1. Give me D for segment 34-128 in µm² s⁻¹, whole number, from Stokes-Einstein with Rh from the Kirkwood sum over alpha-carbon pairs, 4 °C and 1.567 mPa s.
2. Rounded to the nearest 0.05, what FRET efficiency do Asn159 and Tyr246 give with R0 = 51 Å and r taken as the Cβ-Cβ distance? Could you check?
3. Whole number in Å², please: accessible area per residue of the chain, 1.4 Å probe, ligands, DNA and RNA not counted.
4. Rounded to the nearest 500, what is the 222 nm mean residue ellipticity of the chain from helices alone, with -39500 (n - 2.57) per DSSP H run of 4+ residues and division by all residues?
5. Rounded to the nearest 10 Å², what accessible area does Trp361 have for a 1.4 Å probe in the complete protein model?
6. Please list 309-318, 419-428, 27-36, 164-173 highest first by mean number of surrounding beta-carbon atoms within 10 Å per residue.
7. Compute the Cα gyration tensor for segment 273-318, then decide on rounded, prolate or oblate, letting a ≥ b ≥ c be the square roots of its eigenvalues: rounded whenever a/c is under 1.5, prolate when a/b is larger than b/c in the other cases, and oblate in all that remain.
8. Quick one: helix 528-552 against the long Cα principal axis of the chain, what's the angle to the nearest 10°, folded into 0 to 90?
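The values are calculated or read from the model by the stated rules, or taken from the named source; none is laboratory data. Since the structure is predicted, the reported quantities are computational estimates derived from the model, not experimental observations. Methodologically, a virtual Cβ is constructed for each residue, glycine included, from the backbone with ideal geometry; neighbour enumeration extends over all protein chains shown. Only protein heavy atoms, including side chains, enter the accessible area calculation; ligands, DNA and RNA are left aside. Shrake-Rupley method; radii C 1.70, N 1.55, O 1.52, S 1.80 Å.
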Amino acid sequence: LCFLAVRGSEGLYMVNGPPSFTESAAFQRDSGKNCKAVAFSKDGSLFAWCNGEKVNVVNVTRAELLHSFDLPKTVCLEFSPKNNVLATWQAYATAKDGTAGVPNLQLHDLRTGKCLKSFMQKKMQNWCPCWADDESICARNVNNEVHFFENNNFNTIANKLHLQKVSDFVLSPGAQPTKVAVYVPGSKGAPSFVRLYQYPNFGGPQSALANKSFFKADKVTMLWNKKATAVLVVASTEVDKSGASYYGEQTLHYLAANGESAVVQLPKNGPIYDVAWSPNSVEFCAVYGFMPAKATVFNLKCDPVFDFGTGPRNAAYYSPHGHILVLAGFGNLRGQMEVWDVKNYKLISKPVASDSTYFAWCPDGEHIVTATCAPRLRVSNGYKIWHYTGSVLHSYEVPSDEEMWQVFWQPFLDGVFPEKAVRYQAVPSDLPSAEPRPAQAYRPPALRNKPVTSSKLHEDEPPQNMKPHLGGNDKPLSKTALKNQRKHEAKKAAKQEAKADAGQGPAQVRTAQNALQNTVPAMTTGDPEVDKKIKNLKKKLKAIEQLKEQAAAGKQLEKNQVEKIQKEAALLKELEDLELGV
C-alpha cells in the first residue's frame, strides 16, 4: 500500500493509495494551517514536517514519533539517502546591528537526535547538501567551489573541487565510484562548460572524464541517467536575441562518462520544454519546438528512435519501471495526456486532466496523481488518482473556501513493486469518465446555417518509427552504401520524371516529382543560383563547426570568430528556408 500525503489549509494528512483511498490511520492529521515543509525519506519509511512550531519526524510504518526539533521557522527539509541525517533550512537573517546572522542550515543525526553540524547557507536555491546513495560522500557548493565530506563527518573537509566559478553540480546516482557533473558559466567571451569527474580525481582538466563547452547558456539543468553512464545538459538563455521565442533559447547536449559528447539535433526549432531519461538508462525523451510541440525518443548515439509527431504537450513522464511514457500539456495548455506503451510504441489512452498544476507516477507503476494546487491556481483545488488506462479511480476537491498546496506519493525503493504487463482496456471505475465536452467553435451569424468546414490552423504530424526497417538478416547499411543507394534512387526518380515529361498525365508527373523530393533530400533545387547559395552556407556552417571544436579543446578564439559562431542559428534557418524553397 502506498500513501499519498496532502498539505493545505485543511492541514496535513495522508490518504491510503489504491484501492481504498480512505484517510490513513497510520498518520494522525496535523490540523494546523502553518505547515510549510514536508519530506519523505528515500525509502518512504520516515516522514518529517514543520508545523510552524516544531519539526517532527515519524516512522510511517510503525506510526511512532521519533524526534521533535525546536525549529519553528524551517521552510525546507530533506533526508539523507540512508536515513542517517535530516537536513533543515531556515531563511537566513542578519542580526539587527548588521552583523552576520546565525547558521541556518542544520544537519541532525536521526539516531541520537543531536545536531551534527550547522552551516551558513544564504540562498534557498541548492540549499541542501548532496549525498551519494550509500552516504559515503556528501557535497555542498561553497563560494563557487564544491566541498566534499566523507562518512557524514562534517567537521573535516575531505576534498575540494576548485574551478574558476562552479555555479552548480550534480552527484551521480547508484553505486560507487561516485561521479560529479559540474557547470561553470562562461565569462568575457569564453564559453560555458560542463565537466564530468570521478571522485576524488579532480586534478585539472586532464583528469576530467568528459568535457562539453558551449555558448548561449545563462543557466543549465544537468540530468544523470540511472546507471550513471551519461548526463543530459539543457542549456538555456534568458533572452532569445533573434526574438523568435518568449522563453529564451535552449540547446540540448549529451555527455557520456566514457568521454563522448554531442549536441542533440532537434528537428524542430523552438523551446525545449522537457527532457526525461528512461529508467532503462539507454533512451531519453525530449519535448521541443514551437507549438504544436514535437516529442522524440533518442538513443545513446543521440539518434531518433521514435517520433511521437506533434501535439499540445510540454512535459514527459516515464513510469518507474520505464515501460510507459506519458506526454502531457499542462500549465497554459488544456491538460491533454497521451499514455504510450514504449516497448511497442502503441498509444494506450488519451485522458484529459484540465487545470492540473502537478503530475506524478505512483511507485507501483500503475497509478497516476494529477492535482490543482495553490498558489498556481486558487480555485477548484483538489486531486485525482487515475489508472494509466484513462480511468479516474478517486477524485477529491477541497471546499471553495479552502486551498490545497501540495500532494505527493510516499516513495519506495526500486524492486518493491514488480513490473506488470501493459493493459490497454480501461480498468473499471465507479466515477464517471473525466472527458470534457469539446467546446463548439464560435461561428458568426452569417455562417450558422451553412455546412461546417474544417479550419485547422495546422495539421498535426503523425507518430513514426525512426528505427531503420531491416529485413531478416540485413545488416545496417554503411555510409557509403547509403550514399550509393540514394544516388541510385535519384537516378531512378530522374528517369521517371523524364518519362512523365515525355507524355504522361499531370498526376503521374506529380508522383514522380514527389518521389524525387523524398529520395533526394539535399541534391539540387533545380535553380543553379539557389544551389550555389546552399553550397556557400554549408561551407560557412562547416567552418563554424571547426571553430566550436577548437573552442572546446580550450583554444582562445578571436572576437570575429566568436561572432561567426553566434551567427550559426541564422545561417541554419537560411539554409532550411532555401532547401524548403521558401
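1. 95 µm²/s
2. Numbers: r = 42 Å, r/R0 = 0.83.
Once rounded, the FRET efficiency stands at 0.75.
3. Each residue of the chain exposes 55 Å² on average to a 1.4 Å probe.
4. -5000 deg cm²/dmol
5. 30 Å²
6. 309-318, 164-173, 27-36, 419-428
7. Prolate is the answer for segment 273-318, as a/c is 1.5 or above and a/b outweighs b/c.
8. Taking the Cα atoms of the chain, the angle to 528-552 is about 30 degrees.
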